[in-house]
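For reference, the structure discussed in these notes is given below.
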Amino acid sequence: MRMMVRIKIPAEPFNSLVRDGSAAAKTRRIVEELKPEAIYFGAIDGNRGGVMIIDLPDPSKIPAIAEPWFLNFNATCEFTPTMTPEDLGKAGLEAIGKKWG
């Protein structure tokens, strides 16, 4: 299942990692390991963060996706199921609307 993962990174320990020069390498290693479909970094709720789209083949893989962010950056991760336009097209919205509308 395709998931959107919102990653929120607090100032510490990230500030210290920027100062010692290891923040970029740690981030690169996580991204290379996870191989997301897409990832974008920016501000999330006023903190550093990012949004990542990743395929979650099995819920047991959640720790493998979240733990690198937790352990390296003391981050929080929020997982939200998402759909492509094609997925939404297969959802049967017309039938659901007739049934519940």
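Nothing in this text is a laboratory measurement; each read-out follows from the coordinates by a stated rule. This is a predicted model, so every value here is computed, not measured. Quick reminder, even Gly has a Cβ in these numbers, built from the backbone with ideal geometry, and neighbours come from all protein chains shown.
Brief remarks on what is shown
- Of the helices (runs of 4 or more DSSP H) lying entirely inside the chain, those containing at least 1 residues that are surrounded by 11 or more Cβ atoms within 10 Å (Cβ to Cβ) and not hydroxyl-bearing (Ser, Thr, Tyr) span 11-20, 23-34, 62-73, 85-89.
- Near pairs, Cβ below 8 angstrom, 6+ apart or cross-chain, from the stretch 86-101 (in contact (Cβ under 8 Å) with a residue 60 or more places away in the chain) to any residue that is surrounded by 10 or more Cβ atoms within 10 Å (Cβ to Cβ): ASP87/ARG2
- Near pairs, Cβ below 6 angstrom, 6+ apart or cross-chain, from the stretch 33-52 (over 13 Å from PRO68 (Cβ atoms) and in contact (Cβ under 8 Å) with a residue 24 or more places away in the chain) to any residue that is among the aromatic types (Phe, Trp, Tyr) and part of a strand (DSSP E or B): VAL51/TYR40
- Scanning the stretch 72-101 for residues that are more than 22 Å from MET4 (Cα to Cα) and hydrophobic (A, V, I, L, M, F, W, C) yields ALA95, ILE96, TRP100.
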